[in-house]
1. In square nanometres and to one decimal, what's the mean projected area of the convex hull around the Cα atoms of the stretch 92-241?
2. Would you mind pulling out the separation of the Cα centroids of the stretch 321-350 and the stretch 174-225, in Å?
3. In the stretch 129-191, which trypsin sites (Lys or Arg not before Pro) are in a loop and have at most 15 other Cβ atoms within 10 Å, using DSSP for the loop call?
4. For the charge dipole of the stretch 146-198, defined by +1 on Lys and Arg C-beta atoms and -1 on Asp and Glu C-beta atoms about the Cα centroid, which residue among LEU177, THR155, GLN167 has the Cα displaced farthest towards the positive pole?
5. If you project the alpha carbons of the chain onto their three principal axes, what span does each projection cover, largest first, in Å?
6. If amide hydrogens are placed 1.01 Å from N in the peptide plane, which non-local residues have theirs closer than 5 Å to the one on LEU89?
7. What aspartates and glutamates could a cross-link reach from LYS349, if we take a straight Cα to Cα line under 14 Å and drop same-chain neighbours fewer than 8 places away?
8. State the Kirkwood hydrodynamic radius of the stretch 160-257 in Å, one decimal place, computed from all pairs of distinct Cα atoms.
Amino acid sequence: MTHGTPPEPRPCRPSQRLAFALMGMERAGVTFASLMNLGPDTAIRTSVLASDLGYDSYWTAETTGPEAFSLLAAVGAAAPSLGLGTGVLALQLRTPMVVAMAGATLQSLHPERDIVLGVGISSPVVTQRWHGVAYRDRPLAHTREYVELLRQCLTGEKVDFAGDFYQVKGFRLGVRLGEKKPKIVIGALNPKMLALAGEVADGVALNYLPASHVAWSVEQVRKGGNAEIYAYVHAGVCERHEGIEHARRDLFSYAVVDSYARNFARAGFASEVEAIRAHHAAGDRAGALAAVSDQMVDAIDVMGDPDAVHATMQAYVAAGVDVPILMPLPWGSDRHASADLSIRAGLGKA
């Protein structure tokens, strides 16, 4: 297997380099993941804003809303300076060959940009309930094989592959690429998956963790190798009363997923997780939401003024994140305005 190496920093304008240096950041991104229900046109508008402000990359996730690659293609046309990333695709829903084709298409259209293919195991709700595809067991083995096959497909050479999850004969990518090829990033939370990302991927994407839990996560990655550390930074400019119930619903929806529950517990919220899941199992949704403590909200879904959002971005970098990716929380009375102000605040420009 050819192991990944950390991506080289993408060149940016001198004004960008100076701005990031002053903030302790070399690069920073924005994700559309938290804005998807505002519509695909919001991605175009916010990507142009992000580019104008000096962000380095634009990302999107994928569940049941906008499809990732068509959205990134539109963003790429609207904001030519930005790298483009998925973060993350449920790997059960697309074969490695299809992801290689999609990533190679973006790379071919934008040969000088960083294209990042973020993949992950997702959850049974997303894969089985919403998409009708088996979640499958052995997630570590599945992810390892997926990344190995995806990397082989991106070489452009003929691929014959006989694995436990995929059997391929004679695949050859029909998109010609130069030296620059898409990078592969694994979404990971727990020790073995973090170490696997360090071993086989170019990067690891951290999500739903406080800045205080970054160092532990990086330590697990380093047990496998030197993958670059990306992390979603959940932060928004809004009044607390406007966002607190959104935050409780957000964290509840992840605390009932086993992999996230374990990570929340390790990050210091074991009592909250136990109470959330107990109420949920008993059919008491109100009790489950109430069990999401103020401390848990304030550590993971940060709400406040522009200075608080900017300081949160800096905190993740100080904790060991190479590329912080702002997940703007659009929880103000005007959701579009709140999203824009949060994006400005991430780089201290609100």
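Values quoted throughout were computed directly from the atomic coordinates according to the rules given, and no laboratory measurement underlies them. Keep in mind that this is a model prediction, so the values were computed, not measured. Neighbour counts are summed over all protein chains in view; Cβ atoms, including those assigned to glycine, are modelled from backbone coordinates with ideal geometry.
1. On the way: hull surface 45.3 nm².
It is 11.3 nm².
2. Each part's Cα centre sits 24 Å from the other's.
3. Answer by residue number: ARG136, LYS158, ARG172, ARG176, LYS180.
4. LEU177
5. Cα extents, longest axis first: 56, 50, 36 Å.
6. Here the answer is GLY118, VAL119, GLY120, since their amide H atoms fall under 5 Å of that of LEU89.
7. Qualifying aspartates and glutamates at Cα under 14 Å: ASP52, ASP305, ASP307, ASP340.
8. Result for the stretch 160-257 stands at 16.4 Å.
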